[in-house]
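What follows is one structure encoded as structure tokens, with my remarks underneath.
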Protein chains: 2
Amino acid sequence: MKSIEPTIKADDVAQPRAGEKILRVARDLFYRQGIRAIGVDEIVRRAGVTKPSLYRSFPSKDELAASYLRQYDLEFWARFDAAAAAHPGDPRAQIAAFLTRIGKRTQNPDYRGCGMTNAAVEYPEHGHPARVVSEANKQELRRRLRTMATALGANDADTLGDGLLLLIEGAYISGQLFGAGGPAKSVARNADLLIEASLKK
Amino acid sequence: MKSIEPTIKADDVAQPRAGEKILRVARDLFYRQGIRAIGVDEIVRRAGVTKPSLYRSFPSKDELAASYLRQYDLEFWARFDAAAAAHPGDPRAQIAAFLTRIGKRTQNPDYRGCGMTNAAVEYPEHGHPARVVSEANKQELRRRLRTMATALGANDADTLGDGLLLLIEGAYISGQLFGAGGPAKSVARNADLLIEASLKK
DNA sequence: AGGTATACGTACCGATCGGTAACATTGTCA
DNA sequence: TGACAATGTTACCGATCGGTACGTATACCT
């Protein structure tokens, strides 16, 4: 029998599908300028497609924003897992690696913080598609940080995990508020101090 | 000669001026739902005035947002100074008082974070009237925290001051992200751990 | 009483918002 | 060749956006 092949052939290097182009542009604009600040007209214009194409690929702008965040979520955990994989079995080094990288990224002049965090600020109403993705991401981050704090042998693992989360969120925000030279560059150092204090007997 | 009296007599308890009503309503709506999410029509409707009244009192919506933040700034420093005044000469207790109060406020179910921080997220472009107010507030907060860290006798006062700022910003954000029971409730405890670690010889 | 300044309301502006209907065009595969 | 799926084209929708021209009411002072 004949195998059912995908519509796009592997050796086909032709232009990506409209939906992909849209998501790619939307991701860039949403992150840099905010979701509410960008209209669908600008997205389709910069993507070189037309508005009906957007609404064939995404049911609404809100769902497009949610798709952007779902992609952001994947990339976020890829970075997180990469930091962890660099120091297997050493949660303290894993955290240091992850936070050092965050601290470096915040020094980038056009750093705009965490797309998840920003989306939650833009959409405070519960149940909004974008916020749902954002909240799930943060809940999972909290869970993992608490798990790592437990593995560290902290006196109060939940408090330490939450403290690390506060430092991370603070770095996201102050990174975009202060720009280079801001408080976010000390996030890894402060996290290490906090860990140290949490291990005292 | 006759003294020039203000137009409003002191014993006049009549309805507040349109500008005041507008700012009062705008403050509430901007904080709870975000600045971009609220249109000027809704503001004037809820304030019981008309649109021209808004534009007689404020040159633009952006300037109205800046006015909202300037008022927010005053109230913020009032809270900050109150916490400091409660423990004169004891910066550690001052910080603990301020952060304990933040931690409590974040547990309020309709907590929406820091209006300054939220505005900066909504308006990433430099020079925007709202962002200008927000950035000035944060710069001053950073300065004061570093000063307090110095007074504490920290090994590295700038790092500790910045660490406290990260925890505070993290509390603002996670307070609105997680709601009650979130990481923000541990902000005072984590700050104290961080201070402890920064005083070690 | 009349002048004058202040405060406010009615009605409107062009632009943009998110979203859609109807139809033409393209490329791919059977 | 002929069917199909994907995309483009054009034009449009009602609602809302931030902002304004212009007339009216009120209150105080002379």
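The values are calculated or read from the model by the stated rules, or taken from the named source; none is laboratory data. In this text, all values refer to a predicted model and were calculated from it rather than measured experimentally. Cβ placement follows ideal geometry from the backbone for every residue including glycine, while neighbour counts extend to all protein chains displayed. The area values use the complete protein model at the heavy-atom level, side chains included, leaving out ligands, DNA and RNA. Shrake-Rupley method; radii C 1.70, N 1.55, O 1.52, S 1.80 Å.
Some points to look at:
- Here region B:88-125 is the region considered, the condition is being open to solvent by 10 Å² or more (accessible area, probe 1.4 Å) and charged (D, E, K, R), and the residue that is farthest from the other protein chains (Cβ to nearest Cβ) is B:D90.
- Residue pairs meeting the criteria (Cβ under 6 Å; at least 6 apart or on separate chains; first more than 14 Å from chain B (Cβ to nearest Cβ) and modelled with pLDDT of 95 or more, in region A:47-68; second part of a loop (DSSP other than H, G, I, E, B) and within 13 Å of DNA strand D (Cβ to nearest atom)): A:L64/A:F58
- Applying the condition of being within 11 Å of DNA strand C (Cβ to nearest atom) and assigned to a loop (DSSP other than H, G, I, E, B) to region A:47-81 and asking which residue is least open to solvent (accessible area, probe 1.4 Å) yields A:F58.
- The number of residues in region A:51-66 being farther than 24 Å from B:Y123 by Cβ and in contact with a helix residue (DSSP H, G or I) (Cβ under 6 Å, 6 or more places away or on another chain) comes to 6.
- Looking across A:G170, A:G175, A:G153, A:G182, one residue alone is closer than 14 Å to B:L165 by Cβ and over 20 Å from the mean Cα position of the chain (by Cα). It is A:G182.
- Only listed residue being in contact with a Gly (Cβ under 6 Å, 6 or more places away or on another chain) and in the same structural domain as A:R189 (by TED's automatic domain parsing), chosen from A:T117, A:T106: A:T106
- Within region A:176-201, being among the aliphatic types (A, V, I, L, M) and either open to solvent by 20 Å² or more (accessible area, probe 1.4 Å) or within 8 Å of chain B (Cβ to nearest Cβ) (or both) holds for A:L177, A:A180, A:A184, A:V187, A:A188, A:L193, A:L194, A:A197, A:L199.
- Every residue from region A:126-151 that is open to solvent by 30 Å² or more (accessible area, probe 1.4 Å) and either of a type in the set (V, I, T) or more than 8 Å from chain B (Cβ to nearest Cβ) (or both): A:H126, A:G127, A:P129, A:V132, A:A136, A:E140, A:R143, A:R144, A:R146, A:T147, A:T150, A:A151
- Among the residues of region A:22-46, the ones that are outside any helix (DSSP H, G or I), in contact (Cβ under 8 Å) with a residue 60 or more places away in the chain and open to solvent by less than 10 Å² (accessible area, probe 1.4 Å) come to 2 in all.
- Being open to solvent by 40 Å² or more (accessible area, probe 1.4 Å), in a loop (DSSP other than H, G, I, E, B) and either touching a His at 6+ places or on another chain (Cβ under 8 Å) or over 23 Å from A:E75 (Cα atoms) (or both) is a condition met by at least one residue of region A:154-175.
- Test: residue in region A:98-111 that is modelled with pLDDT of 95 or more and within 16 Å of DNA strand C (Cβ to nearest atom): no
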